[in-house]
Amino acid sequence: GGEFAGAIARLYIGTGRTKEAEQYLASLSRAGNAELRDAGQYYTGVYLPTQKKYDLARDTLSALAEDDPASAYTNDAIGTAWIIEEGLMLESGSLDDYVAAMKAGMVGDTVVVLTKLTAIVGREAHDPLRPRALHQLGLLYFEQGKNDAALAMLQSYLKDYPKNDESPQVTRDIGRVYEVGMGSYQQALGEYERILMDYPEYAMLDDVRRDV
């Protein structure tokens, strides 16, 4: 199914096996099964940025979302297309670094992921991919048990981008670091209560109420 097809596609893309990736993705796109075709189109859109074909990648992913809104890949396609669009807004190395981090993440190379995201975080605050890098870097540090580093990244996000749409989710992630990573339940509660007070329109508000 699509999940197995995606695993193979990520392996080819993540290891830089260009010829095999292109042949495999082409075969998926011609499949009689709709889920496999969607997988082929989505991972083609993920592959193209690794070849610096950003406009074609964005258009491929956008077409998937428009042609098949109910596809299991639609949300990811929209998200990835928007990342590419954000990166194209500023002519810097951020998009190349972000794509390199995505590629490395497909094969679990966290050293490269950390290096590339850290490079983006070191750029100016107006870089459109910097907030994403801060958030992802914070989550990666959290997964590695580096709770102080995770908090530093996530708190920097809120300091630099307090009005961003992702701010309530970042605040919730700070609460998770306190609660799960550090066992600081009172501080975690403070973060969850801040969401209830400051972000009443947050889509996951009911989940936060359960956290509290």
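The values are calculated or read from the model by the stated rules, or taken from the named source; none is laboratory data. Predicted model only: the values in this text are computed from it and were never measured. Counting neighbours? That spans all protein chains shown, and the Cβs are built from the backbone with ideal geometry, glycine included. What goes into the accessible areas is simple: the full protein's heavy atoms, side chains included, and nothing from ligands, DNA or RNA. Shrake-Rupley method; radii C 1.70, N 1.55, O 1.52, S 1.80 Å.
Structural remarks
- Every listed requirement among (1) in a helix (DSSP H, G or I); (2) farther than 19 Å from Ala100 by Cα; (3) open to solvent by 50 Å² or more (accessible area, probe 1.4 Å) is met by Gly32 save one, (1).
- Residues of segment 1-15 satisfying the condition of being open to solvent by 40 Å² or more (accessible area, probe 1.4 Å) and either farther than 22 Å from Val112 by Cβ or touching a residue at least 40 places away in the same chain (Cβ under 8 Å) (or both): Gly1, Glu3, Phe4, Arg10, Leu11, Thr15
- All of Ala133, Ala149 fail the test of being part of a helix (DSSP H, G or I) and without any contact (Cβ under 8 Å) to a residue 12 or more places away in the chain, apart from Ala149.
- Criterion (in contact with a helix residue (DSSP H, G or I) (Cβ under 7 Å, 6 or more places away or on another chain), under 17 Å from Asp76 (Cβ atoms), of a type in the set (A, V, I, L, M) and open to solvent by less than 30 Å² (accessible area, probe 1.4 Å)) met by exactly one of Ala21, Ala39: Ala39
- Summed over segment 123-147, residues that are of a type in the set (A, V, I, L, M, F, W, C) and either more than 17 Å from the chain's Cα centre (by Cα) or surrounded by fewer than 21 Cβ atoms within 10 Å (Cβ to Cβ) (or both) total 3.
- Complete set of residues in segment 104-126 that are under 24 Å from Leu158 (Cα atoms) and of a type in the set (Gly, Ala, Ser): Ala119, Gly122, Ala125
- Thr118 vs. criteria of a type outside the set (A, V, I, L, M, F, W, C), surrounded by fewer than 16 Cβ atoms within 10 Å (Cβ to Cβ) and within 30 Å of Leu95 (Cβ to Cβ): yes
- Any chance Lys103 is open to solvent by 20 Å² or more (accessible area, probe 1.4 Å) and under 16 Å from the mean Cα position of the chain (by Cα): yes
- Checking each residue in segment 60-94 for being open to solvent by 80 Å² or more (accessible area, probe 1.4 Å) and either touching a residue at least 40 places away in the same chain (Cβ under 8 Å) or farther than 11 Å from Gln41 by Cβ (or both) picks out Glu66, Pro69, Ala70, Ala72, Asn75, Asp76, Ile78, Trp82, Met89, Glu91.
- Residue within segment 172-194 that is open to solvent by 30 Å² or more (accessible area, probe 1.4 Å) and under 21 Å from the mean Cα position of the chain (by Cα) present: yes
- Contacts under 8 angstrom Cβ, first residue in segment 172-192 being of a type in the set (Lys, Arg), partner open to solvent by 40 Å² or more (accessible area, probe 1.4 Å), 6 or more apart: Arg172/Met204; Arg172/Asp211
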